[in-house]
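Read the structure below first, then the notes.
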Amino acid sequence: MEIEQTGLKDCLIIKPRVFEDARGYFFESFNQSAFEEKTGLSGRFVQDNESHSSYGVIRGLHAQTGEFAQAKLVRVTKGEVLDVAVDIRPSSPTYGKHFAVRLSAENKLQMYIPRGFIHGFSVLSKTAEFLYKCDNFFNKASETGVIYNDADLNIDWLIPENDREISEKDLLLKPFSALQHI
């Protein structure tokens with residue numbers, strides 16, 4: 001596994017070592033010991049989630065607050081998404097900055113998103129299957145988020161406005177300026 005810095009403090013791209021031949025491919029998608037050795041992080045993942053979405057869907061920007069804050073390790077097993085992480089840690093040198101990367105079944109890249117970030121993605125392919133490991137259990141009362149089209153964040157989701165599909169719940173999220181920090 002190779003680790004690449006994203007420019008956001010503690011947010012990382014993980015590139016697995018893929019073994020390919022005429023039969024197909026094999027790779028280790030997660031190994032706790034290797035993860036800890038390569039990243040210097042000691043997170044333990046306790047919950048796996050999966051979503052299936054169609055082209056134009058934008059999910060986010062979401063996080064959990066307080067004792068239920070979550071770090072995530074995300075990847076795509078079908079299709080392609082633009083994955084976005086925003087640092088919302090007030091004391092961080094990258095506070096208010098975002099990073100976006102294309103994750104796909106083909107490139108097999110993963111992104112590690114630490115606690116203290118909001119996260120979302122847009123679906124760039126006809127459909128996409130998105131998997132994420134979380135280091136804390138989901139707690140509905142601890143949900144927070146920021147509206148996907150916040151002017152201060154100025155995220156280019158790579159989806160034309162008339163093709164965007166956003167849930168009613170996500171359309172009610174507040175702007176970044178109103179966010180209560182986790």
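Within the group F138, F130, which residue is assigned to a loop (DSSP other than H, G, I, E, B), hydrophobic (A, V, I, L, M, F, W, C), under 17 Å from the mean Cα position of the chain (by Cα) and within 25 Å of V46 (Cα to Cα)?
F138
Exactly one of (1) modelled with pLDDT of 95 or more; (2) surrounded by 14 or more Cβ atoms within 10 Å (Cβ to Cβ); (3) under 24 Å from H98 (Cβ atoms); (4) not aromatic (F, W, Y) is unmet by S54. Its number?
Of everything listed in (1) modelled with pLDDT of 95 or more; (2) surrounded by 14 or more Cβ atoms within 10 Å (Cβ to Cβ); (3) under 24 Å from H98 (Cβ atoms); (4) not aromatic (F, W, Y), S54 misses just condition (2).
This table checks each residue for (1) farther than 22 Å from A151 by Cβ; (2) at pLDDT 95 or above.
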site	(1), (2)
E80	yes, yes
R89	no, no
K97	no, yes
A105	yes, yes
Q110	yes, yes
P114	yes, yes
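Do you know which residues across region 5-36 are farther than 18 Å from E106 by Cα and either surrounded by 12 or more Cβ atoms within 10 Å (Cβ to Cβ) or β-branched (V, I, T) (or both)?
If the condition is that a residue be farther than 18 Å from E106 by Cα and either surrounded by 12 or more Cβ atoms within 10 Å (Cβ to Cβ) or β-branched (V, I, T) (or both), then T6, L8, K9, D10, C11, L12, N31, A34, F35, E36 are the ones that fit.
How many residues, within region 88-105, are among the hydrophobic types (A, V, I, L, M, F, W, C) and not in a loop (DSSP other than H, G, I, E, B)?
Of the residues in region 88-105, 4 are among the hydrophobic types (A, V, I, L, M, F, W, C) and not in a loop (DSSP other than H, G, I, E, B).
With (1) free of Cβ contacts under 8 Å to residues at least 12 places away in the same chain; (2) within 19 Å of M1 (Cβ to Cβ) as the list, and S91 as the residue in question, which single condition is left unmet?
Failed condition: (2).
Being touching a residue at least 40 places away in the same chain (Cβ under 8 Å), closer than 15 Å to C11 by Cα and crowded, with 16+ Cβ neighbours inside 10 Å, is that true of even one residue in region 152-164?
The answer is no, given that none of the residues of region 152-164 is touching a residue at least 40 places away in the same chain (Cβ under 8 Å), closer than 15 Å to C11 by Cα and crowded, with 16+ Cβ neighbours inside 10 Å.
Return the residues of region 7-66 that are in a strand (DSSP E or B), more than 16 Å from G120 (Cα to Cα) and not charged (D, E, K, R); say none if nothing qualifies.
If the condition is that a residue be in a strand (DSSP E or B), more than 16 Å from G120 (Cα to Cα) and not charged (D, E, K, R), then I14, V18, F19, G24, Y25, F26, F27, Q47 are the ones that fit.
Please tell me if D83 is among the charged types (D, E, K, R) and out of contact with any strand residue (DSSP E or B) (no Cβ under 6 Å at 6 or more places or on another chain).
Criteria not met by D83.
If a residue has to be aliphatic (A, V, I, L, M) and in a strand (DSSP E or B) to count, how many in region 141-159 make the cut?
The number of residues fulfilling the criteria is 1.
Could you check, for region 106-127, whether at least one of its residues is surrounded by 15 or more Cβ atoms within 10 Å (Cβ to Cβ), closer than 21 Å to E4 by Cα and among the polar types (S, T, N, Q)?
yes
Residues that are modelled with pLDDT under 90 and among the hydroxyl-bearing types (S, T, Y): does region 5-21 have at least one?
No, region 5-21 contains no residue that is modelled with pLDDT under 90 and among the hydroxyl-bearing types (S, T, Y).
I'm told A85 meets every condition in (1) in contact with an Asp or Glu (Cβ under 8 Å, 6 or more places away or on another chain); (2) crowded, with 23+ Cβ neighbours inside 10 Å; (3) among the small types (G, A, S) except one. Can you identify the failing condition by its number?
So the condition that A85 fails would be (1).
Does K108 satisfy the criteria of being in a loop (DSSP other than H, G, I, E, B), within 29 Å of K38 (Cα to Cα) and basic (K, R)?
Criteria met by K108.
The values are calculated or read from the model by the stated rules, or taken from the named source; none is laboratory data. The shown structure was predicted, so the numbers you read here are calculated from the model rather than taken from an experiment. Positions of Cβ are generated from backbone atoms using ideal geometry, with glycine treated the same way; all protein chains shown enter the neighbour counts.
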